[in-house]
Amino acid sequence: MTIRGDVEHRPDRPQPYRARVRWMDPATRQRRSKSEAFDTAAAAQSWIEQVQRLATSGVDPLTATRTLADYGDAVMPLALRGLEAKTHDPYLAGWKYRVVPTLGHLSVRMVTNGAVDRAVQQWIADECSRSTVKNSLAVLVRVLEQAVRDGIVDRNPARVTGWQYAFRQAEDELDNPRALALPNWEALSALADALVARSSGHFRGWGDVTIFAACTAARIGEVSGVRVADIDTGRWLWTVRRQTTPSPGGLVDKGTKGKRARFVPLIAEVRDLVQHRIDVVEGRPDARLFTGPRGGRITTAVFRDATHWDEVVASLGFEHLRRHGLRHTGLTWMADAGVPVHVLRKIAGHGSLTTTQRYLHPDQAAVSAAGDSLTAFLRAPRSPHGPQEAAG
């Protein structure tokens, strides 16, 4: 196949250099063409040479220049071959809700190790679960493996390593979670008001989500999953039973991250808010307590985009704060209020007590460490004849 190319300079365009390739389709005998715009003449020429090189090895120019989203949709049946049917749904959900929004606009050959690394870090920052990140990366690996077979790329750039460690840091909050919390109630109230003011239509619900998440130390997905029936207004307890998560058919509710229900106290500062939300839905047991402005379910990404979160927290001087920081805030405040660590662990739903202990004030942590040292001392094996005098 002979590919002819040329570069046209169009100074009135944002990307003034248009590279175009033309060829004759050997199957249909029709003339075909493809063009792309670039910032520099060198980049445009490089693109033409790349298409010509791939055509020489038998790769159709349209295939060689397709975006990752288009290419993946076209080869997905091949990419998923050999997998059990039950694996298809989580892989397709990862492709639709993670891979395509972050990388789908790039051409296949522009997907690099660095681009994949940044995408994975974004998924982790958006509080995706370990399985979501794993499935999203797995389907990307399979699609790009097909691109290797098609000769579009020489190696698979999605085979990245180290993301498990980054996820573990985020999951276990290894980077001092106390430093990621808001300092006081005034700061939380200011944040809630600012998010409402920045949102479209000044939707008050975003402020309610902010206050509720911080005061209950809950994840945004769990806040989205709460229903009226989960609230006991007699004892002011919330039974956390579910969280909202993406699936191939859209957002769905599933069990909590720890796979078990837990109880969370509703403090006086949020009771009026909760009662108001119950009254709005007329107390229907199956009604959601918190929804978006159109009644839809909430995710951390929806919350971020609707409130312009990154812009707002930067303007308030909380550049470090992410949506998960609301959970850090609640757990830090509870620890400082003197909630026993074993109770705090149950409220948080942590699997490990070590994770919960990171929320303790350093002085409290030192006391806990002293207790651990005493336990280790008492459990250490000893001589049956009692303490012995040291030799010498």
When segment 175-225 is checked residue by residue, the ones that are among the hydroxyl-bearing types (Ser, Thr, Tyr), touching a residue at least 40 places away in the same chain (Cβ under 8 Å) and outside any loop (DSSP other than H, G, I, E, B) are 200, 210, 216, 224
Turns out the strands (runs of 3 or more DSSP E) fully within segment 1-88 with at least 2 residues that are at pLDDT 90 or above, within 23 Å of residue 106 (Cβ to Cβ) and open to solvent by 70 Å² or more (accessible area, probe 1.4 Å) are none
### Message
Given the condition at pLDDT 85 or above, farther than 21 Å from residue 54 by Cβ, surrounded by fewer than 17 Cβ atoms within 10 Å (Cβ to Cβ) and among the polar types (S, T, N, Q), answer yes or no: does some residue in segment 90-104 qualify?
### Response
no
Residue 164 vs (1) modelled with pLDDT of 85 or more; (2) more than 19 Å from residue 71 (Cβ to Cβ): all pass except (1)
> Are any of the residues in segment 148-161 assigned to a helix (DSSP H, G or I), touching a residue at least 12 places away in the same chain (Cβ under 8 Å) and not small (Gly, Ala, Ser)?
Replying inline: no
Pairs returned, first residue in segment 351-363 that is within 24 Å of residue 261 (Cβ to Cβ), second residue that is modelled with pLDDT of 80 or more and open to solvent by 50 Å² or more (accessible area, probe 1.4 Å), beta-carbon separation under 7 angstrom, 6 or more apart or interchain, are 353/345; 356/345; 359/178
Residues of segment 167-200 being modelled with pLDDT under 95, open to solvent by 20 Å² or more (accessible area, probe 1.4 Å) and among the small types (Gly, Ala, Ser), in sequence order, are 170, 179, 200
When (1) in a loop (DSSP other than H, G, I, E, B); (2) open to solvent by 60 Å² or more (accessible area, probe 1.4 Å); (3) at pLDDT 85 or above are applied to residue 382, the one that fails is (3)
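Okay, residues lined up against (1) under 30 Å from residue 323 (Cα atoms); (2) acidic (Asp, Glu):
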residue: 35; (1), (2): no, no
residue: 51; (1), (2): no, no
residue: 70; (1), (2): no, yes
residue: 93; (1), (2): yes, no
residue: 96; (1), (2): yes, no
residue: 99; (1), (2): yes, no
residue: 105; (1), (2): yes, no
Determine whether residue 122 is under 26 Å from residue 306 (Cα atoms), open to solvent by 50 Å² or more (accessible area, probe 1.4 Å), polar (S, T, N, Q) and part of a helix (DSSP H, G or I). yes
Filter segment 224-264 for residues that are hydroxyl-bearing (Ser, Thr, Tyr) and surrounded by 17 or more Cβ atoms within 10 Å (Cβ to Cβ); the one that is modelled with the highest pLDDT is 224
Original post:
Within segment 257-270, is even one residue in a loop (DSSP other than H, G, I, E, B), in contact with a helix residue (DSSP H, G or I) (Cβ under 6 Å, 6 or more places away or on another chain) and among the small types (Gly, Ala, Ser)?
Top reply: no
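The values are calculated or read from the model by the stated rules, or taken from the named source; none is laboratory data. In this text the structure is predicted, and so the values were computed from the model without any measurement. Glycine gets a Cβ as well: all are built from the backbone with ideal geometry, and neighbour counts include every protein chain shown. Heads up: the accessible areas ignore ligands, DNA and RNA and are worked out on the full protein's heavy atoms, side chains in. Shrake-Rupley method; radii C 1.70, N 1.55, O 1.52, S 1.80 Å.
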